[in-house]
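Below: one structure, written as structure tokens.
The values are calculated or read from the model by the stated rules, or taken from the named source; none is laboratory data. Since the structure is predicted, the reported quantities are computational estimates derived from the model, not experimental observations. Note that each Cβ is placed from the backbone with ideal geometry, even for glycine, and that neighbours are counted across all protein chains shown. Each accessible area value is taken on the protein alone, full model and side chains, heavy atoms only, with ligands, DNA and RNA left out. Shrake-Rupley method; radii C 1.70, N 1.55, O 1.52, S 1.80 Å.
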Amino acid sequence: MTEPLLRLTGLTKAYPGVVANKDVSFEIQPGEVHALLGENGAGKSTLVKTIYGLVKPDSGTMTLEGTAFTPAEPRAARAAGVAMVFQHFSLFDAMNVAENIALGMENPPPQREIAAQVRKVSDQYGLPLDPDRVVGELSAGERQRVEIIRCLLQDPKLLIMDEPTSVLTPQEVAILFETLKQLSAEGTAILYISHKLEEIRTLCDNATVLRLGEVVGECDPKATSAREMAELMVGTKLHVPEKAAKPAGETVLALQALSAPAPHQFGTALRDITIDISKGEVLGIGGVAGNGQDELVAALSGEMRVAPDMVQFQGQPIGQLPPNARRKIGLLAAPEERMGHAAAPDMSLTENAIMTAMTRENLTTKGFLHWAKARRFAEGVIKDFDVRTPGPANAARSLSGGNLQKFVIGREILQAPDVLVVNQPTWGVDASAAAAIRQALLDLAAKGAAVICISQDLDELMEISDRFAALNEGRLSAPRPAQGLTVEEIGLMLGGAHDMEVAHVDA
Amino acid sequence: MDLSAINPILLLASLMVAATPILLAAIGELVVERAGVLNLGVEGMMITGAVCGFIVAVNTGSPWLGFIGAAIGGALLSVIFGILTQFLLSNQVATGLALTLFGLGLSALMGQGYIGIKAPSFPDWHIPLLGDIPVIGPIIFQHDPMVYLGLAIVAATWAFLKYSRAGLILRAVGENHEAAHALGYHVMRVRMLAIMFGGACAGLGGAYLSLVRVPQWTEGMTAGAGWIALAIVVFASWRPGRLLLGAYLFGGVTVLQLNLQAAGAAIAVEYLSMAPYLATIAVLVIMRAGRAPGSLGQSFHASR
């Protein structure tokens, strides 16, 4: 066996109160696609930050191509040939694509040359990107392309990817995988972090599983089932959401030719969306980011007002009603962005519970808050949805992404809505928490509520939806029964790979 | 009222002089805010610069050394702010306000023996050829060197932010300090340097008041110029070009209202005194198009 590209030996890193990594050792060969698996909080992020020079290990050593590798800072790691695509995009909203890319490079050429290189690489790998666009106005999928191209421009030896596919369609994922396989064939090693086990099975050569900071196993993902890997990650048997068959109920929410202009310059206009949603149904809406998901949620939640007849709730026109009036009658929504949209980061969980539950849970009298009642409600959410936090007085910011997601979804579900709209309910949430959220949505539907689940995770939609529809440039396709729908059919419904082409790398 | 008493050429010429202290202080604060730090201590740094500059100039007889002393004085005061906010993570708003109060008190103490003394004179430059052009010459090309230095600093700052790598990093730190840190940039180092630059510029602006504009030392002589500088930065949407416009507009209306007062305009003096503030804010609000740096005013700690 040749000398590995990167060898980790006994890496340990402790923070006050938690051991993030405990005696972690594994090797990555040149050109290998190596998966790093683990639940939220298993220590994956700390480990990759150690490799990228952002965290100094307490003990243990790393060697890169046979020589000791102790990057004091990311600059040193980049100089040694390690590049990283971050889970939470490390982008600068007010700057354009070329400037963002220049910031991630050691010795960037002048802006104009970067723009030319971006065009070349984005064309080569089928990731179209305009270098002059301002990043703040790009969709999540496009932002990720910026991150990926930023890495590719540095010709890395090791590319670390933290949850790269969470916002991509199957076609985009396929193209990304072509790119990654191409890179791997060119000799670039890839350390791939994902919750999506099927992806790891198709892409990766080797997998290391972390649990509570320790390596609990290594496996060949091509020879191991997704379920086995999930159970290795969680350490227990995995609970798969169960869908009970149920008859179609009466229509509770109807959209009548719902149209709305784009709310801002780079938003998407909603075009002529007509659909009936019945009681007890889960409607899955798929589509690539930036095709009107945010606008549709806004039109349903009441953040964006439309003509009264366009949205009808139990036969009543409600298109003009503001969010709280809609909550009162039973139409609730949980938006995609947890921090800042669904929850106020610096306020406590009790206060965050009050924000949406005030009307339905009667948490106020004549403008005065019932703190005790609000706290009980928040405690109920924490208990029922297994939110891991010391208590409802903690700030929303202190929760991990998955825990906060459980809280914001649970907060709406416990208000017993008649219609619940959720956008990306399990984005960046680990496998067991995601299963719990999906189960809760199904339970809600089983009790007779209608659930509209907008997601880019098609596996998720297939798992919970009764009917599936696709959003494409603000238009909603005709819904089809989810049972028996194949990935190819879904791809066609999504309108093919939006704005994408297959990588044509001349290597 | 005798409007003929107002000489339009003289009026326009004094506009540049009236605007210079605010321009200097504001361009420094602009750099600080683009790095993501809100330093409300501009007034304190200005007046400290004013007294430091005055003391050095009187003792050495050289206004140039005075300006250097003022820049060092302002920068030293800003270092206190930097250490408190960047390393000890104190609240930037409260610390900045405290810095202003501290600067006002400190300058009064330092300047006690210097009240009533005249500063060494700082001659105007009569730029050859350009200064001889009729009308334009006296308006633009017959000022003291600090007026042109101020303009040069604004132009250099604009070019620095727009074209240089270091300027890009500075903007990145101000826009999203977490991401800048993740990419391996030194958030605190960049911010400390920006804070010191801001202090030095505020000091220069203060010294321009005590050495050129007035020119003598009185307690509290900045009289709110630091606050105007802060406001101009915000209303100029953190852009050097608009900042220049705002400062000149403010200077222009100030000079005009003083002239109108002298000419005995039939408007209450209070309204005239208000005019520069109202005009500046009105124009910059109408033109306003831009948003604050993303991390402005937030403390950064590399905890993750």
Original post:
For the stretch A:356-397, how many residues are open to solvent by 50 Å² or more (accessible area, probe 1.4 Å) and either in contact with a helix residue (DSSP H, G or I) (Cβ under 6 Å, 6 or more places away or on another chain) or under 21 Å from A:Ala440 (Cα atoms) (or both)?
Top reply: 9
**OP:** Look through A:Val288, A:Val297, A:Val311 and report the one residue that is aliphatic (A, V, I, L, M), at pLDDT below 90, open to solvent by less than 50 Å² (accessible area, probe 1.4 Å) and assigned by TED's automatic domain parsing to the domain that holds A:Leu444.
**Re:** A:Val288
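What helices (runs of 4 or more DSSP H) completely inside the stretch B:75-169 contain at least 2 residues that are hydroxyl-bearing (Ser, Thr, Tyr)?
Output list reads B:92-110, B:145-163.
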Subject >> Among (1) open to solvent by 40 Å² or more (accessible area, probe 1.4 Å); (2) over 23 Å from the mean Cα position of the chain (by Cα); (3) within 14 Å of chain A (Cβ to nearest Cβ) - the single one B:Val135 does not satisfy >> reply: (3)
Original post:
What number of residues within the stretch A:109-128 are farther than 21 Å from A:Ala79 by Cβ and either away from chain B (no Cβ under 14 Å) or in contact (Cβ under 8 Å) with a residue 24 or more places away in the chain (or both)?
Top reply: 12
Original post:
In the stretch A:57-75, which residues are of a type outside the set (Ser, Thr, Tyr) and without any contact (Cβ under 8 Å) to a residue 24 or more places away in the chain?
Top reply: A:Ala68, A:Pro71, A:Ala72, A:Glu73, A:Pro74
**OP:** Would you point out the residue of the stretch A:89-102, among those that are more than 8 Å from every other protein chain (Cβ to nearest Cβ) and either among the polar types (S, T, N, Q) or open to solvent by 50 Å² or more (accessible area, probe 1.4 Å) (or both), that is nearest to A:Glu163 (Cα to Cα)?
**Re:** A:Asn100
Original post:
Do we have any residue at all in the stretch A:66-79 that's modelled with pLDDT under 90, surrounded by fewer than 20 Cβ atoms within 10 Å (Cβ to Cβ) and assigned to a strand (DSSP E or B)?
Top reply: yes
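Consider the stretch B:176-187. How many of its residues are within 16 Å of A:Met105 (Cα to Cα), out of contact with any Pro (no Cβ under 8 Å at 6 or more places or on another chain) and at the interface with chain A (Cβ under 7 Å from one of its Cβ atoms)?
Summing the residues that are within 16 Å of A:Met105 (Cα to Cα), out of contact with any Pro (no Cβ under 8 Å at 6 or more places or on another chain) and at the interface with chain A (Cβ under 7 Å from one of its Cβ atoms) in the stretch B:176-187 gives 1.
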**OP:** Taking A:Glu106 as meeting all but one of (1) surrounded by 18 or more Cβ atoms within 10 Å (Cβ to Cβ); (2) in contact (Cβ under 8 Å) with a residue 40 or more places away in the chain; (3) within 14 Å of chain B (Cβ to nearest Cβ), write down the number of the exception.
**Re:** (1)
Original post:
Quick check, is A:Pro74 farther than 28 Å from A:Lys196 by Cα and within 14 Å of chain B (Cβ to nearest Cβ)?
Top reply: no
Original post:
Name the residues in the stretch B:265-304 that are at pLDDT below 75 and more than 14 Å from chain A (Cβ to nearest Cβ), would you?
Top reply: B:Leu284, B:Met287, B:Arg288
Original post:
Does A:Leu258 satisfy being touching a Leu at 6+ places or on another chain (Cβ under 8 Å), open to solvent by less than 10 Å² (accessible area, probe 1.4 Å) and closer than 30 Å to A:Arg143 by Cβ?
Top reply: yes
Subject >> Number of the condition not met by A:Thr63 [criteria: (1) open to solvent by 40 Å² or more (accessible area, probe 1.4 Å); (2) away from chain B (no Cβ under 11 Å); (3) not in a loop (DSSP other than H, G, I, E, B)] >> reply: (1)
Subject >> Residues satisfying the stated conditions in the stretch A:434-462, i.e. touching a Gly at 6+ places or on another chain (Cβ under 9 Å) and either open to solvent by 10 Å² or more (accessible area, probe 1.4 Å) or not hydrophobic (A, V, I, L, M, F, W, C) (or both) >> reply: A:Ala440, A:Ala446, A:Lys447, A:Gly448, A:Ser455, A:Gln456, A:Asp457, A:Leu458, A:Glu460, A:Met462
Original post:
If you scan the stretch A:282-302, which residues turn out to be touching a helix residue (DSSP H, G or I) at 6+ places or on another chain (Cβ under 9 Å), part of a loop (DSSP other than H, G, I, E, B) and more than 19 Å from A:Asp418 (Cβ to Cβ)?
Top reply: A:Gly287, A:Val288, A:Ala289, A:Gly290
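Sort through B:Val253, B:Val269 and tell me the only one that's on the phi < 0 side of the Ramachandran plot and either under 15 Å from the mean Cα position of the chain (by Cα) or open to solvent by 50 Å² or more (accessible area, probe 1.4 Å) (or both). Spell out the reasoning first.
Working: B:Val253 fails: either under 15 Å from the mean Cα position of the chain (by Cα) or open to solvent by 50 Å² or more (accessible area, probe 1.4 Å) (or both).
Of the residues listed, the single one that is on the phi < 0 side of the Ramachandran plot and either under 15 Å from the mean Cα position of the chain (by Cα) or open to solvent by 50 Å² or more (accessible area, probe 1.4 Å) (or both) is B:Val269.
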**OP:** Would you check if there is a residue in the stretch A:141-148 being within 11 Å of another protein chain (Cβ to nearest Cβ) and either free of Cβ contacts under 8 Å to residues at least 12 places away in the same chain or within 27 Å of A:Glu336 (Cα to Cα) (or both)?
**Re:** yes
Original post:
Do you know which residues across the stretch B:150-175 are open to solvent by 40 Å² or more (accessible area, probe 1.4 Å) and either touching a Ser or Thr at 6+ places or on another chain (Cβ under 9 Å) or within 14 Å of another protein chain (Cβ to nearest Cβ) (or both)?
Top reply: B:Leu151, B:Lys162, B:Tyr163, B:Arg165, B:Ala166
Original post:
Taking the condition assigned by TED's automatic domain parsing to the domain that holds A:Ile28, touching a helix residue (DSSP H, G or I) at 6+ places or on another chain (Cβ under 9 Å) and surrounded by fewer than 18 Cβ atoms within 10 Å (Cβ to Cβ), does A:Ala226 pass?
Top reply: yes
